[in-house]
Amino acid sequence: MLRRLLYVMPKAAFSAFQWECLSFGYLHGYIRAHGWDGEARFLSALMNWDTEDEILRAGATSDLVAFYATSPQYRNACELAAAIKAENPSVDCVIGGPHASAVPDDVAAREVAGKPLWSHVVVGEGERAFLSIVRGEATDRVLRFPLIDDVDTIPFPDRALMRMTEQLETTLRIDGKRIGSLFGSRACPAKCT
């Protein structure tokens with residue numbers, strides 16, 4: 001089982017958003033509830049909490065670097081993953097989120113120096129897929145797991161990992177309000193993924 005895990009929220013191609021990456025909170029809560037007890041960090045270029053250099057240094061000493069990316073974040077995710085792999089070729093980089101779910105085969109085909117950039121591409125809900133990755137059980141490059149039918153079995157997100165104090169301070173500074181997030185539904189209602 002992997003011991004050092006880094007979650008990365010890359011910057012977007014245009015102005016910064018002020019949303020927390022609640023998906024990582026859910027993934028981390030899920031793997032911990034299923035026995036994973038290694039070290040984990042969450043770094044965010046999107047929220048301007050962490051520099052790309054900090055992300056690269058942390059990624060170079062990690063066993064697994066997990067990226068969440070919308071389409072405007074995908075380019076930066078690829079740049080960061082390539083730089084991390086240049087520093088530590090044995091690190092596994094995985095990606096999930098809207099961009100990976102919309103065009104998984106294109107994402108899986110991305111290469112750096114003739115080798116796949118992404119060890120795994122997670123499509124749709126990621127809890128089961130991510131658990132299989134951290135346990136070393138995932139064999140497919142593109143992972144699609146069935147939806148979790150009973151959402152009451154999904155642990156609450158690990159908000160300590162998500163740096164909630166910084167989230168609330170950031171939104172207070174930018175929007176004048178302390179803003180947190182919640183998921184009001186699961187998965188996408190469209191049939192494209």
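The values are calculated or read from the model by the stated rules, or taken from the named source; none is laboratory data. Model, not experiment: these values are computed from the prediction. Because the Cβ atoms are built from the backbone with ideal geometry, glycine has one as well, and the counts that use them run over all protein chains shown. These accessible areas exclude ligands, DNA and RNA; they are computed on the full protein's heavy atoms, side chains included. Shrake-Rupley method; radii C 1.70, N 1.55, O 1.52, S 1.80 Å.
Only Cα pairs under 8 Å and 6+ residues apart enter the sum, and on that basis the relative contact order of the chain stands at 26 percent. Once the C-beta distance of A82 and R32 is scaled by a Förster radius of 30 Å, the resulting FRET efficiency is 0.55 to the nearest 0.05. Rounded to the nearest Hz, the phi-derived 3J(HN,Hα) couplings of the stretch 32-44 under the Karplus curve 6.51 cos²θ - 1.76 cosθ + 1.60 (θ = phi - 60°) are 5, 5, 9, x, 6, 9, x, 8, 9, 9, 10, 10, 10, where x marks glycine and proline.
Peptides 119-132, 75-88, 141-154 ranked from most to least packed give 119-132, 75-88, 141-154, packing being the mean of other C-beta atoms within 10 angstrom over each peptide's residues. The label point for L56 and the one for L2, both projected 7 Å from the Cα toward the Cβ, are 2.1 nm apart. Per residue, the chain exposes an accessible area of 51 Å² to a 1.4 Å probe, with every protein chain left in place.
Sorted on the mean count of surrounding Cβ atoms within 10 Å across their residues, most packed first, peptides 33-43, 3-13 read 3-13, 33-43.
Across the chain, counting alpha-carbon atoms alone, Rg and Dmax equal 15.7, 48 Å. Neighbours of P104 by Cβ distance under 13 Å: Lys/Arg scored +1, Asp/Glu scored -1, total 0.
Using Cα-Cα distances under 8 Å and only pairs 6 or more residues apart, what relative contact order does the stretch 1-112 have, in percent? Don't skip to the end; give the middle numbers.
Working: 162 pairs, mean separation 37.5, N = 112.
For the stretch 1-112, the relative contact order is 33 percent.
Each residue, R173 and A113, gets one label point 7 Å from its Cα in the Cβ direction; the gap between the two is 3.6 nm. The reciprocal of the average 1/r between distinct C-alpha atoms defines the Kirkwood hydrodynamic radius, which for the stretch 2-107 equals 13.9 Å.
In whole percent, and with a 1.4 Å probe on the protein chains, what portion of the accessible area of the stretch 62-193 is carbon and sulfur? Percent of accessible area from carbon and sulfur atoms in the stretch 62-193: 52.
Using helices alone, what [θ] at 222 nm do you get for the chain, with -39,500 (n - 2.57) per DSSP H run of 4 or more residues, divided over all residues and rounded to the nearest 500?
-10000 deg cm²/dmol
Within the listed set A113, A58, A69, the Gaussian network model of the chain (springs between alpha-carbon atoms below 10 Å) gives the highest mean-square fluctuation for A113.
I'm a student and want to see the number: the projected area of the Cα convex hull of the stretch 61-126, averaged over all directions, in nm². Kindly include the intermediate steps, with their values, before the conclusion.
Values: hull surface 15.9 nm².
Hull-based average projected area comes out at 4.0 nm².
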